[in-house]
Amino acid sequence: MAATDALLAELDKIQAWHLDFYQDLHRHPELSFQEHRTAGLVADRLTGLGYDVHTGIGGTGLVGVLRNGDGPTVLARADMDALPVREATGLPYASTVTASDANGNQTPVMHACGHDMHVTCLLAAAQLLAEHPTDWSGTFIALLQPAEELGTGARAMVDDGLAVQIPKPDVALGQHVMGLPHDTVASRPGAALSAADSIRVTLHGRGTHGSMPHYGIDPVLLGSAVVMRLNAIVSRELAPGHFGVVTVGSFQSGSKSNVIPETTTLLLNLRSYDDHTRKQLRDAVGRIVEAECEASGSPAPPEFEYTDPFPVTENTQAVYDKVSAAFTDHFGDKAILMDPSTGSEDFSDIPNGLGVPYLYWIWGGFDPETYHRAEADGTLGKVIPGNHASTFAPVMEPTFRTGASAMTVALMSYLST
Ligand code: ZN
Ligand code: ZN
């Protein structure tokens, strides 16, 4: 505790630089796997602080390793990418950036998920550790990953040999800024965030004139039957009270009233908290789609393309016990139990890829009074913009202070001497 307090007492001295850095990142957001500028700035900073930096892991990913004697090895991760969203916050440091997306289309870009805050808070913790080596002992690994928003950046780093570039950690930590009061930190043991699958399903019919449906096989009717049946998976196949989501987010077929088209394309999104349910949902989708195609006399088998897979985030009990006790010591009753979130993250691909336990927590970025009033009124969704909204704007301070403190407190719960 005393050693942690000694580190955090330095936050005032380093705050100004970090808030400038945050505003600079916010003004210069970069799309997934395009985080070249961000990664370069972070690499320079970590190198300047004495870290052993390895760049270009899984594209734009990087790690900084700081060895400081015997003790545990702790990895902390931040994600760096922004979103194809046109910023509407009106902030003085709002983004006006556009970039070319993976399909070559020009799009506005915004840090609408707060990853700029994650990077800044991780760098602050990295600086506190680097400048106060007598207060801790062990090895700290700062990991900055690309492309969290695609669900593939963490996996890209693991697949690119992350394990051989760093000492094996004993534990991995990650955090996210969310729609909570800016003095509040929340975590939970076990399943904290859902696993997600996106599936593109192509259904084949046989095109014909709209006046002669008997000459064709109508993929619009086929697709409609599929959508109706898919929506019964959760209500009829999962136990009541068991969490799962099946959403058909897109249905595309045909372009003219008197033409029966050739195909229908559906975009599906599935969410679950465990591998068994995840498999159950995927299997049910496959079974229903194939059976409906059969029922329609579809001329070709349906096609399934799995995209944007996110693993379940399932916090390790022992890590939760240790870090949540440290959070309670530091934040008092502002360290709370997190409700399981239906959102998803690819953070756990890193500890899972390295075979180590982990904890992921969230903290708030919004005025507590406004938050609690909206909560009481039942207007939270309206008053506090969710992550990915074009108006998502965490208050700079004390959001930075809370996030930097949470990361430092969690790290020091392992590294403190
Ligand atoms: Zn996001
Ligand atoms: Zn995010």
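Round to a whole number: what % of the accessible area of region 24-170 belongs to carbon and sulfur, probe 1.4 Å? Its accessible area is 49 percent carbon and sulfur atoms. Rounded to whole numbers, the Karplus 3J(HN,Hα) couplings from phi for region 276-283 are 5, 5, 4, 5, 4, 5, 5, 5 Hz, using 6.51 cos²θ - 1.76 cosθ + 1.60 with θ = phi - 60°, and x at Gly and Pro.
Taking 121, 113, 293 as the candidate residues, the one with maximal mean-square fluctuation in a Gaussian network model of the chain, Cα springs under 10 Å, is 293. Surface composition of region 195-309: carbon plus sulfur atoms hold 53% of the accessible area, using a 1.4 angstrom probe and ignoring ligands, DNA and RNA.
Ranked by the mean number of other Cβ atoms within 10 Å of their residues, highest first, the peptides 367-373, 191-197, 220-226 fall in the order 191-197, 220-226, 367-373.
In this simple spin-label model, placing a label point 7 Å from the Cα along the Cα-to-Cβ direction at both residue 276 and residue 9 gives a separation of 5.2 nm. Backbone phi angles across region 266-273, fed through the Karplus curve with coefficients 6.51, -1.76 and 1.60 (θ = phi - 60°), yield HN-Hα couplings of 10, 10, 10, 10, 10, 9, 7, 10 Hz in residue order; Gly and Pro are listed as x. Dipole check for the chain: with +1 at the C-beta of Lys and Arg, -1 at the C-beta of Asp and Glu, and the Cα centre as origin, the magnitude is about 740 Debye. Here r is the Cβ-Cβ distance between residue 228 and residue 376 and R0 is 45 Å; the resulting FRET efficiency, rounded to 0.05, is 0.70. Averaging Cα coordinates gives a centre for region 124-173 and one for region 222-262; these two points are 41 Å apart.
Here the relative contact order of the chain, from alpha carbon pairs under 8 Å that lie six or more residues apart, stands at 24 percent. Contact order for region 195-309, expressed relative to its length and based on alpha carbon pairs under 8 Å spaced 6+ residues apart, stands at 44 percent. Dividing the convex hull volume of the alpha-carbon atoms in region 195-309 by its residue count gives 91 Å³ per residue. Summary value for region 90-195: 20 percent relative contact order, contacts being C-alpha pairs under 8 angstrom separated by 6+ residues.
Heavy atoms of the protein chains alone define the surface here; on that basis region 195-309 has 54 Å² accessible area per residue at 1.4 Å probe size. Each pair of Cα atoms in the chain enters the Kirkwood radius, and Stokes-Einstein at 25 °C and 0.890 mPa s then converts it into a translational diffusion coefficient of 107 µm²/s.
Just to confirm the number: angle between the C-alpha axis of helix 36-48 and the first principal axis of the chain, 0 to 90 degrees, nearest 10? With both axes taken from Cα atoms, the answer is about 20 degrees. Sequence-ordered 3J(HN,Hα) estimates for region 351-357 from the Karplus curve with 6.51, -1.76 and 1.60 and θ = phi - 60° stand at x, 5, x, 8, x, 10, x Hz, glycine and proline given as x. Across all directions, the shadow cast by the convex hull of region 1-106 built on its C-alpha atoms averages 9.0 square nanometres.
The values are calculated or read from the model by the stated rules, or taken from the named source; none is laboratory data. This structure is a prediction, so every number in the text was calculated from the model and none was measured. Methodologically, a virtual Cβ is constructed for each residue, glycine included, from the backbone with ideal geometry; neighbour enumeration extends over all protein chains shown. Side chains included, ligands, DNA and RNA excluded: accessible areas come from the protein's heavy atoms. Shrake-Rupley method; radii C 1.70, N 1.55, O 1.52, S 1.80 Å.
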